[in-house]
Amino acid sequence: MEFTEAYKQTGSYAFSPNARFLAVAVDYRLVIRDVLSLKVVQLFSCLDKITYIEWAPDSEYILCGLYKKPMIQAWSLTQPEWTCKIDEGPAGVAYARWSPDSRHILTTSEFQLRLTVWSLVNTACIHVQWPKHGSKGVSFTKDGKFAAVCTRRDCKDYVNLLSCHTWEIMGVFAVDTLDLADVQWSPDDSAIVIWDSPLEYKVLIYSPDGRCLAKYQAYESGLGVKSVSWSPCSQFLAVGSYDQMLRVLNHLTWKVFAEFVHPSAVRGPCCAAIFKEVDEKLDMSELSLGDDFVQYSNDNASEAHIQVRYNVLEIPINLPSQKPPADKPNPKQGISLMSWSSDSQYICTRNDSMPTVLWIWDINHLELAAILIQKDPIRAAAWDPTCPRLVLCTGSSHLYMWTPSGAYCINVPLPQFVVMDLKWNSDGSCLFLKDKESFCCAAAEILQESSDYSSDD
């Protein structure tokens, strides 16, 4: 894996959908870089510090959320002199997003008073009253023709179906939720999933015309759903819960066909490979080194003589876990991190009561494929968009990678650089690595089916 040098950033970043550009916020400046060379191709100055960045689906426009102001500014890569500013006045701006046609911007006002659709073509605007959430509660079909917008009025939740061509409301239907949490179209646009707040375990599947296709409730007492995710193939719906279980529903009967538990003790029979991150001291005694280097090594012995690698463990094994306090809200327990591989064969999960452990499940064989035990809590994990390769970070100076053929640790060769977050480019050619005030990019080798990876590359 090859790494670039470090560049400055102060928060938000985003790859363009066409995989050609990288946008990074540096205080009030928006820096657009070429992905291949990382050379600056455009530089835009906003009116305040940038807190959010989002590319238009056609990669021609980009919006910046200046939520402290609060306002939205949009820019064009092909027409640098063109600019757009959206200011809701006293209503404020809580969130902004692009429409699928890249010619409209949807903003949600503070206190969810209204959602406004702004046209970049004729400056017209359309309002939807009482949106349920600011950054959530809106989902577009993959073909870009329709939008599902959640609203709430008279203590009841509704879903509004809007045409993304005319922005007319095509239909409205009430949903059987106490406090709707979010909504997602399936990747094939055939169904809409809605789930309730953690206080009520309820997952609802609706057809686009408002018919309730299925209602799923795993249990009644206790905190409920924590995360929901469609598989890329649309055949599976994964539901992570506060009871530390992952349940997978099928798209034919909407019944659960797999339940994956996350126990603190792993016992047999189990075919999963278990990898544990360990520190390994390097033996420097057999190397012929100059006096200057020896002196430097002695001064930095704690860092220079240690490398990180994975050990493969045998079962049974006890995993590091922590019990959340019973007297505090929002317990760190349950499945919050959950991500599908691009081929829908694998799904990775993290149980928040075991923050240093990542579980990888094989959906084809309905079994646990691997467990990665890290030294530090897992901050982010992301699948390669082109193959079953998973990369994760823990706020250390290393990257950790898993493929079906093994797992290994990679040192980031930049001084004082710790990986706080990461994201793949849409074509899998580039990996963005974020530190607190800087970033770098890494290029990964194309994964071959027969590749053998060692655990200490």
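The values are calculated or read from the model by the stated rules, or taken from the named source; none is laboratory data. Quantities reported herein were computed from a predicted structural model and do not represent experimental measurements. All Cβ positions, even for glycine, are placed from backbone atoms using ideal geometry, and neighbour counts span all protein chains on display. When the accessible area is computed, the model is the full protein with side chains, heavy atoms only, and any ligands, DNA or RNA have been set aside. Shrake-Rupley method; radii C 1.70, N 1.55, O 1.52, S 1.80 Å.
For segment 115-123, the criterion of being more than 25 Å from the chain's Cα centre (by Cα), in contact (Cβ under 8 Å) with a residue 24 or more places away in the chain and open to solvent by 60 Å² or more (accessible area, probe 1.4 Å) is met by no residue.
Hey, any hits in segment 60-73 for a residue that's touching a Leu at 6+ places or on another chain (Cβ under 6 Å), assigned to a loop (DSSP other than H, G, I, E, B) and over 23 Å from P385 (Cα atoms)? No.
Give segment 183-196 a look and list any residue that's open to solvent by 30 Å² or more (accessible area, probe 1.4 Å) and either touching a helix residue (DSSP H, G or I) at 6+ places or on another chain (Cβ under 8 Å) or of a type outside the set (G, A, S) (or both), or say none.
Of the residues in segment 183-196, the ones open to solvent by 30 Å² or more (accessible area, probe 1.4 Å) are 184, 187-190.
Within segment 183-196, Q184, P187, D188, D189 qualify.
Of the residues making up segment 251-263, those that are assigned to a strand (DSSP E or B) and open to solvent by less than 30 Å² (accessible area, probe 1.4 Å) are A258, F260. Counting the residues of segment 93-114 that are over 22 Å from E168 (Cβ atoms) and either among the aromatic types (F, W, Y) or open to solvent by less than 10 Å² (accessible area, probe 1.4 Å) (or both) gives 3. Among the residues examined, P90 qualifies as at pLDDT below 95, out of contact with any Lys or Arg (no Cβ under 7 Å at 6 or more places or on another chain) and open to solvent by 20 Å² or more (accessible area, probe 1.4 Å). Would you call S135 open to solvent by 30 Å² or more (accessible area, probe 1.4 Å) and touching a residue at least 40 places away in the same chain (Cβ under 8 Å)? Spelling it out, S135 is indeed open to solvent by 30 Å² or more (accessible area, probe 1.4 Å) and touching a residue at least 40 places away in the same chain (Cβ under 8 Å).
Of everything in segment 141-181 that's in a strand (DSSP E or B) and touching a Cys at 6+ places or on another chain (Cβ under 8 Å), which residue is most open to solvent (accessible area, probe 1.4 Å)?
We begin by selecting, within segment 141-181, every residue in a strand (DSSP E or B); these are 146-153, 156-163, 169-174, 180-181.
Going one step further and asking which of them are touching a Cys at 6+ places or on another chain (Cβ under 8 Å), we end up with 146-147, 157-160, 180.
Details: F146: 79, A147: 0, D157: 1, Y158: 45, V159: 0, N160: 9, L180: 2 Å².
Per the criteria, the residue is F146.
Contact map, segment 44-73: residues that are closer than 12 Å to A14 by Cα paired with residues that are of a type in the set (D, E) and not in a loop (DSSP other than H, G, I, E, B), Cβ distance under 6 Å, separation 6+ or inter-chain. Pairs shown: L63/E54. The residue pairs whose first member lies in segment 261-275 and is more than 24 Å from S405 (Cβ to Cβ), whose second member is open to solvent by 50 Å² or more (accessible area, probe 1.4 Å) and among the aliphatic types (A, V, I, L, M), and whose beta carbons are closer than 9 Å, counting only pairs six or more residues apart or on different chains, are R267/I315.
Which members of segment 217-235 meet the condition of being part of a strand (DSSP E or B) and open to solvent by less than 40 Å² (accessible area, probe 1.4 Å)? Steps first, answer last, please.
Step one: of segment 217-235, the residues part of a strand (DSSP E or B) are 225-230.
Selection gives V225, S227, V228, S229, W230.
Summed over segment 8-29, the residues that are in contact with a Phe, Trp or Tyr (Cβ under 8 Å, 6 or more places away or on another chain), open to solvent by 50 Å² or more (accessible area, probe 1.4 Å) and among the aromatic types (F, W, Y) give a count of 0. If only residues of segment 74-84 that are without any contact (Cβ under 8 Å) to a residue 24 or more places away in the chain and of a type outside the set (V, I, T) are counted, the one that is most open to solvent (accessible area, probe 1.4 Å) is E81. Looking at segment 353-376, which of its residues are under 21 Å from V239 (Cβ atoms), out of contact with any Leu (no Cβ under 8 Å at 6 or more places or on another chain) and not polar (S, T, N, Q)? P355, I363, H365, L366, E367, L368, A369 - these are the residues of segment 353-376 that are under 21 Å from V239 (Cβ atoms), out of contact with any Leu (no Cβ under 8 Å at 6 or more places or on another chain) and not polar (S, T, N, Q). Residue count for segment 363-378 satisfying the condition of being surrounded by 18 or more Cβ atoms within 10 Å (Cβ to Cβ) and under 21 Å from the mean Cα position of the chain (by Cα): 7.
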